[in-house]
Amino acid sequence: MIEYSDKLLTISGDVTQLHQVIMNLCVNARDAMPDGGTLSITASNFFIDENYARMHTEAQVGSYVVIAVSDTGIGIPPEILYRIFEPFFTTKEFGKGTGLGLSTSLAIVKSHGEFINVYSEVGKGTKFSIYLPAIKTRTEIQNAQEQKLELLSGHGELVLVAEDEDSVRDVTVSTLEKNGYIALAAEDGADAVALYAQNKDKVKVVLMDMMMPIMDGQASIRAIRKINYEVKIIAVSGLAEKEKLKNVADYTNSFLPKPYTAEKLLKTIHEVLSAK
């Protein structure tokens with residue numbers, strides 16, 4: 001018997017491997033019913049909430065597609081149920097099974113970020129449930145991203161952005177302003193030092209690119225520290241200029257590698273501002 005929802009969520013996986021898992025479970029179900037019975041395969045959507053996740057350590061909160069293979073066979077005694085996924089463990093007669101089927105199935109399932117639940121009663125049957133993580137829709141991903149950014153948003157703090165690349169500077173300023181910050185833009189190191197001197201009582205954090213004309217990040221950071229040693233500074237670089245970063249390590253509060261996402265930018269600033 002096969003039953004499935006006509007609105008199943010989408011999953012991602014290796015078709016051949018998942019087919020192998022289901023076939024193995026079906027063969028085991030058949031063998032568990034030597035006198036006949038009912039073999040059922042069902043597929044349905046399932047949402048795992050925090051309570052369910054607490055009770056099942058392999059589970060994570062989210063949407064799943066659950067494929068269940070059940071039989072009305074002899075069942076598995078509770079004293080050996082916990083051993084069924086061990087390699088070479090089998091209850092079948094010698095020569096009728098290697099004991100590798102379920103252990104292989106479990107390995108495949110885990111490689112897909114999935115897990116298996118087993119329920120069995122002696123004399124009534126067994127049910128194997130495979131939990132396959134559903135692919136999030138574009139809308140779900142976007143909503144989750146927006147929620148993350150909202151948690152990292154500012155509350156009107158002034159951020160000085162020192163960046164000589166126009167496109168990077170514009171995107172950074174736009175991202176900050178869309179997420180609760182006020183941005184002050186500088187196109188080179190000298191400009192950054194001048195702007196900071198004019199706004200030293202308002203600027204809460206400085207985002208300083210290490211590679212800039214006229215005055216580079218290293219010199220700019222030292223100059224700003226002379227104006228206010230307590231100001232919080234984040235060094236930014238597309239190149240891992242280890243020597244320069246090492247030289248300013250004691251003068252900066254964090255490092256932000258390029259290219260960076262909006263989430264990474266906001267998270268770094270949030271962490272620096274929250275640190276005491």
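Name every residue in the stretch 70-90 that is outside any loop (DSSP other than H, G, I, E, B) and modelled with pLDDT under 80, in order of residue number. It would help to see each step written out before you state the result.
Looking only at the stretch 70-90, we keep the residues that are outside any loop (DSSP other than H, G, I, E, B), and these are 70-71, 78-81.
Correct list: 80, 81.
Consider residue 149 carefully, then state whether it is in a strand (DSSP E or B) and either within 21 Å of residue 275 (Cα to Cα) or assigned by TED's automatic domain parsing to the domain that holds residue 32 (or both). No. Being part of a strand (DSSP E or B), within 30 Å of residue 61 (Cβ to Cβ), within 23 Å of the chain's Cα centre (by Cα) and modelled with pLDDT under 85 is a property that does not hold for residue 130.
Which of the residues that make up the stretch 253-272 are surrounded by 14 or more Cβ atoms within 10 Å (Cβ to Cβ) and outside any helix (DSSP H, G or I)? Selection gives 253, 254, 255, 256, 258, 260. Quick one: in the stretch 216-246, which of the residues that are part of a loop (DSSP other than H, G, I, E, B) and buried (at least 17 other Cβ atoms within 10 Å of the Cβ) is modelled with the lowest pLDDT? Filtering first and then ranking leaves 241. The residues on offer are 195, 207, and the sole one that is part of a helix (DSSP H, G or I) and either closer than 18 Å to residue 255 by Cβ or not basic (Lys, Arg) (or both) is 195.
Among residues of the stretch 37-77 being exposed (fewer than 13 other Cβ atoms within 10 Å of the Cβ) and in contact with an Asp or Glu (Cβ under 9 Å, 6 or more places away or on another chain), the one that is nearest to residue 23 (Cα to Cα) is 38. Kindly evaluate residue 2 against the criterion of being modelled with pLDDT of 75 or more, of a type in the set (A, V, I, L, M, F, W, C), surrounded by 11 or more Cβ atoms within 10 Å (Cβ to Cβ) and more than 24 Å from the chain's Cα centre (by Cα). It is false that residue 2 is modelled with pLDDT of 75 or more, of a type in the set (A, V, I, L, M, F, W, C), surrounded by 11 or more Cβ atoms within 10 Å (Cβ to Cβ) and more than 24 Å from the chain's Cα centre (by Cα).
Take residue 15 and tell me if it is in the same structural domain as residue 111 (by TED's automatic domain parsing), more than 25 Å from residue 73 (Cβ to Cβ) and out of contact with any His (no Cβ under 8 Å at 6 or more places or on another chain). Yes: the conditions hold for residue 15.
The values are calculated or read from the model by the stated rules, or taken from the named source; none is laboratory data. Everything numeric here is computed off the predicted structure, so don't read it as measured data. Cβ sites come from the backbone with ideal geometry, for glycine too, and all protein chains shown count toward neighbours.
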